[in-house]
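Notes to accompany the following structure.
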């Protein structure tokens, strides 16, 4: 049995008017009323935007930039050389002629602090960069290959980690002499093991992900999968660890120079300056203040930058 719904002429007119209203063109000014404009950002642009929102990180970058500028332009401003002696001006207090005063040989401390910044920053960034390359490649290969290769490579890392790094440095300094390159080699010979462990753990986790499996199924080479897919996706923790390796290397060099096995005279690193000022600590304590303050300021600046990168590169904190 068929049923038909009958409508009155008034109801039909009402339905027709409703259909016309439903398909009526909206005004031009209302077309984008619900449109939400969002700027398209790349990954690194988003990291930089989040990084600059952190006030402590921006402050750290500014301080680090100032230290670098003084390291480059400081000797030009002072007009003195780092080894120029004036025995008539020994242990002078800070003045317009010598901004930080002079040491026991009449050498300008401001100039020596600026040259010390060159040596300390060069050792810090160079050691961190070398450790970054060695640790990333070594840890990436260990985690990607796995099995017996991973076991052997990690046992070698454990052996290097168990021996104090100071012993490496002292032995190398005896063989190569007390200079910047021997300190750099001594710092780098075992400092990369932390980076290797970090990269290995990241690669072990990421190689089981779908994108790595898809790359392997599509016929990508092992080298491409490791460096183009796995390590690239581990760059966040790697960069953060790199920023913390720089102050660690600077502090290690300062410590070695302070105990007398680092940079040799007349070259001046911050540790060397502190070591030279130690005998005069009772009579001229101001000479100890300048290198210690320079080390502390640089350490704080680098740690502020490292903390900011930790937050900016963490996807969970977006």
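Values computed for the structure shown
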item: Inter-site label distance for residue 152 and residue 224 at 7 Å from Cα along Cβ, in nm; result: 2.8 nm
item: Segment 70-317: relative contact order in percent, alpha carbon pairs under 8 Å with at least 6 residues between; result: 22 percent
item: Relative contact order (%) - criterion: Cα under 8 Å, at least six apart; region: segment 161-240; result: 25 percent
item: Fewest-first sequence of 290, 48, 192 by Cβ atoms within 10 Å of each Cβ; result: 48, 290, 192
item: Least to most buried among 78, 126 (fewest other Cβ within 10 Å first); result: 126, 78
item: Mean shadow area of segment 70-317 over all directions, Cα convex hull, nm²; result: 16.4 nm²
item: Spatial separation of Cα centroids for segment 216-242 and segment 92-153, in angstrom; result: 27 Å
item: Full-extension gain in nm, residue 283 to residue 161, via 0.36 nm per residue minus C-alpha separation; result: 39.7 nm
item: Fraction of the pair-distance distribution of segment 230-318 above 16 Å, Cα-Cα pairs, percent; result: 62 percent
item: Taking 296, 188, 114 and counting other C-beta atoms within 10 Å, the order from fewest to most; result: 296, 188, 114
item: Net length gained if the chain between residue 48 and residue 95 were fully extended (0.36 nm per residue, minus Cα distance); result: 12.8 nm
item: Largest-first ellipsoid semi-axes for segment 115-260, taking √(5λ) over the Cα gyration tensor eigenvalues, angstrom; result: 33, 16, 11
item: Label-to-label distance, nm, for residues given as residue 77 and residue 56 (7 Å Cα→Cβ offset); result: 2.7 nm
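Taken together, the values in this text are just the output of simple stated rules run on the coordinates, not laboratory data. Small disclaimer: the values here were computed from a predicted structure and weren't measured. Every residue, glycine as well, gets a Cβ built from its backbone with ideal geometry; the counts of neighbours run over all protein chains shown.
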